[in-house]
Amino acid sequence: MPLDATAAAQRFAALDLLSTLAVVVDAQGCIVFANAALEGAVGLSRRMLEGAEFAPYLSAPSLLRAGLDTADGQRPSYAAMSFDTGLQRPAQDPLFVHVTVTAVEHTDLRLIELWVLEQQARQDREERLVEQAQANKELVRNLAHEIKNPLGGIRGAAQLLEMDLESKELKEYTQVIIHEADRLQSLVDRLLAPHRHPHQLVDLNIHEVCERVRSLVLLEYPQGLKIRRDYDISIPEFKGDRAQLIQALLNIVQNAAQVLSEKVCTGDAEITLRTRVVRQVTIGRQRHRLALELHVIDNGPGVPDHIKERIFYPLVTGRDGGSGLGLPLAQTFIQRHHGLIECESMPGRTDFRILIPLP
């Protein structure tokens, strides 16, 4: 029995919570329900859309009609067809989308979901970052343990050898071995640091973290650098590890300050700390109703093209003398808060965006 508008609105109300565009059609392809995201995309109200055939809203209507014919509502729900096309919008340019057609089980209805291709690419990038960080963490952890044991043996052997040497010149060589072993030990300790300390959650305000980092960096750069505040003071407190969040943000801001060295000398170096609340955010395939969005924006030269895709890899750096550990450690600390860091960069503007779910 066909659903009336009220029954459809009640049955499919959950689709309004999605940021993806969604529409339910009957076997003839006429709209039974359109979610709020689709209303906003096409600029038409749900009432105006209901009852109209949906295929003409797509640049390739024949593909949709084929998908509707393929879907079988008597079998368990599955994506019968998917394709890329344009979503036609009155008085606006088409919106390029990825479309899937899914049968609604035991009915003649079809669920059509449309992902804006830019949004889909972003979600894919976020998933890659999460997977990359997890793989990096395991690799670094295992590698550090493999290095640590023989390193202690090398240092101990050099010390014993030095005790038996009488020549001052030869002792200089053992000192070089001991010094380099200590340097490598320090590097290994930094690689293992995120895994050694327990996650200590307290109620915190993100702006206290921002102000702490801001004061630390300005102590290091008292002249030539401006760190601007652009805070949304309505952001609620949340459970977090204060020390880890300070360290993560400090690594990013210090990294930005270091690449601004030339502008610091001329007095026009600028970093902006911006906080916002965003709604209906997907982080690593997990949907969150609310999330903190913290931007660290600088007016520096940008991330070199050859390392843009690898800046969160351990030991990758575009700066002479850099360790390549600051950003991977920051990513690890933010992921321990179920969040993510991503970066968009071009000459004159680099934006590190930190996302952390809010309760």
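The values are calculated or read from the model by the stated rules, or taken from the named source; none is laboratory data. Given the structure is predicted, the values throughout are model-derived calculations rather than measurements. Here Cβ is always computed from backbone atoms with ideal geometry, including for glycine, and neighbour counts include all displayed protein chains.
If you check every pair at least six apart or on different chains, which have Cβ atoms under 6 Å apart with a residue in the range 312-332 that is under 13 Å from Ala256 (Cα atoms) first and a residue that is of a type outside the set (A, V, I, L, M) and at pLDDT 65 or above second?
So the pair list comes out as Thr317/Gly324; Gly318/Pro304; Gly326/Asn251; Gly326/Asn255; Leu327/Phe312.
So if I check each of Ala256, Ala291, which one is outside any strand (DSSP E or B), touching a residue at least 60 places away in the same chain (Cβ under 8 Å) and of a type outside the set (Ser, Thr, Tyr)?
That would be Ala256, the only listed residue that is outside any strand (DSSP E or B), touching a residue at least 60 places away in the same chain (Cβ under 8 Å) and of a type outside the set (Ser, Thr, Tyr).
Give Ala79, Ala34 a once-over and let me know the one that is within 31 Å of the chain's Cα centre (by Cα) and at pLDDT below 90.
Ala79
Go through the range 64-76 and give me each residue that's at pLDDT below 75 and assigned to a helix (DSSP H, G or I).
Once the filter is applied, which keeps residues that are at pLDDT below 75 and assigned to a helix (DSSP H, G or I), the range 64-76 yields Gly67, Asp69, Thr70.
Could you please find all residues in the range 12-31 being farther than 16 Å from Trp115 by Cα and either part of a strand (DSSP E or B) or over 33 Å from the mean Cα position of the chain (by Cα) (or both)?
Listed by number, the residues that qualify are Val25, Asp26, Ala27, Gln28, Gly29, Cys30, Ile31.
If I ask for residues that are assigned to a strand (DSSP E or B) and β-branched (Val, Ile, Thr), which ones from the range 219-248 would you list?
Within the range 219-248, Ile227 is the sole residue that qualifies.
Please work out which one of (1) exposed (fewer than 13 other Cβ atoms within 10 Å of the Cβ); (2) free of Cβ contacts under 8 Å to residues at least 24 places away in the same chain is the condition Ser234 fails and give its number.
(2)
Would you mind finding the one in Leu87, Leu44 that is of a type outside the set (Val, Ile, Thr), assigned to a loop (DSSP other than H, G, I, E, B), touching a Pro at 6+ places or on another chain (Cβ under 8 Å) and modelled with pLDDT of 85 or more?
Leu44
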